[in-house]
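The structure appears right after this line, and notes come after that.
FYI, it's all coordinate maths here, none of it is from the lab. Note that the structure is a prediction, hence the values are computed from the model and not measured. Please note: Cβ atoms are built from the backbone with ideal geometry, for glycine as well, and neighbour counts cover all protein chains shown.
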Amino acid sequence: MLENMMDALAPVVEKFLGVCAFFDNATVDGELESELVVTNCTVEKLIETDEMKKGLENILGQNHRKKKIWFGILPAVAMGDEKRTSGKVEKRLSLGERREKKEEKNTGLTSVSQAKTLLDICQKAKVVTIFNYKATEETSFTGLTIERFRKMKDLIQFPNEGKYAVCAFPNFTICKKHEYILNEKFVDLFDEDKVKVGFPAMYVEAAYVAAGMIVGSQQPNVLKKKKIIIDPKNTCVRFNFEDSRVQKKYLSTMSVESSRPMDNNLQREINKERFGFFFNDSGVNDSETGADIPRVFVGNARTMYKKDEKYREVYRTLFSEFMDLCVKEQSGPCADTGRINHFYEEDIEKWKTKCQEEGSEEIVNLLLNTDENIILASDDSSYIIKFREGQEKVEFETQEA
């Protein structure tokens, strides 16, 4: 009976812990500067009909900075081999024994096909969506293997796309599955000499933590609290989690789970293509005192878009989208050539000048860094953004001013 109750409560507790992890990582003192929308239904219901899919795409695809939905969270995507047991208990009173009759049930998770459909909708609406595969021992820090990682990497594919999808991993373990022997004062309730109660493992889905950190990276107050130098006049869309100036400062709130570091072969496999929003549990040292800080930090911050054998950084998607919105903000769906030229000659030139100022090398949210450039195409139809790590093209549907 108690095990049934614990099995029923565990998903609710996990959901609560996941939401708490999001706010802990996204805010200062629990106050979120941005608005948050909560959908109280399953993915299956959201994409049930073509009309619902189209409506969802219209809602998500607001093309204005003040109305735009920038981020989404999609936790607990099934990998296809999850099982859940119902935990029914049959008592044999004559023998004083108890045995469990295990029954496979529908896992109640978002399937890969459902996740792909929703991620495609978010791709069209240009909403960066952070997802993770269901938290289990096999997707945790201590249980993840090279084989399991490869399956995670290949299960959902985005041929020539994926700039708005982010796979977060590994998941975080709160407690492993274990058994307790109940105190004697409870034994009479079960009419047995001893009662062992199994408590299920509990996890925090990685998407909540990753989304919290990404949202937090856009909040100036969060960055200031972490002693990261920013220009308060600038947006933070250029924040790069992999930047050496911030990687060991912008830590998650999640603790390192094991004194044994992740297998080196697995880490090499992950970093070969720089896949996903990868949490590193090797811990960091305090830059001032040298003391160990047993907290998890971000090793990779990449989308599902792959080119030249590497996955693309999240900030490149955010900055490209920011550029698009800047141009279209006063022009509607079709950017007029006058606005494009004004934006290039005024705003972008200021970004180029700013990165040349003394002390600017310490500012992590400069919109352009030294040796970077933005070039306007001769027909005013696109910008080429030349980052240090590569280039992106932002195209516009233009009209004459």
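Could you compute the net charge surrounding Lys272? Neighbours are other residues with a C-beta less than 10 Å from the C-beta of Lys272; K and R count +1, D and E count -1.
Numbers: positive: Arg268, Arg274, Lys310; negative: Glu269, Glu273, Glu309.
Charge balance in the 10 Å sphere: 0.
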> Rounded to the nearest 500, what is the chain's calculated 222 nm mean residue ellipticity when only DSSP H runs of at least 4 contribute -39500 (n - 2.57) each, over all residues?
Replying inline: -9000 deg cm²/dmol
> Using alpha carbons only, how many degrees (0 to 90, rounded to 10) separate the axis of helix 146-155 from the longest principal axis of the chain?
Replying inline: 60
> Is there a pair in Lys328/Lys352; Lys116/Lys386; Lys15/Lys54; Lys68/Lys124; Lys224/Lys248; Lys124/Lys393 whose C-alpha atoms are over 24 Å apart, and which pairs would that be?
Replying inline: Lys116/Lys386; Lys15/Lys54
>> Tell me the net charge near Ile374. Cut-off is 14 Å between Cβ atoms, Ile374 excluded, with +1 for each Lys or Arg and -1 for each Asp or Glu.
In response: -2
>> Show me the ranking of peptides 213-221, 231-239 by mean Cβ neighbours inside 10 Å, starting with the highest.
In response: 213-221, 231-239
> At Gln62 and Ile229, where each label point lies 7 Å from the Cα along Cα→Cβ, what is the point-to-point distance in nanometres?
Replying inline: 3.6
> Once both axes come from the Cα atoms, what is the angle between helix 112-125 and the longest principal axis of the chain, in degrees from 0 to 90, rounded to 10?
Replying inline: 20
> What angle do you read, to the nearest 10 degrees and between 0 and 90, between the alpha-carbon axis of helix 264-273 and the longest principal axis of the chain?
Replying inline: 40
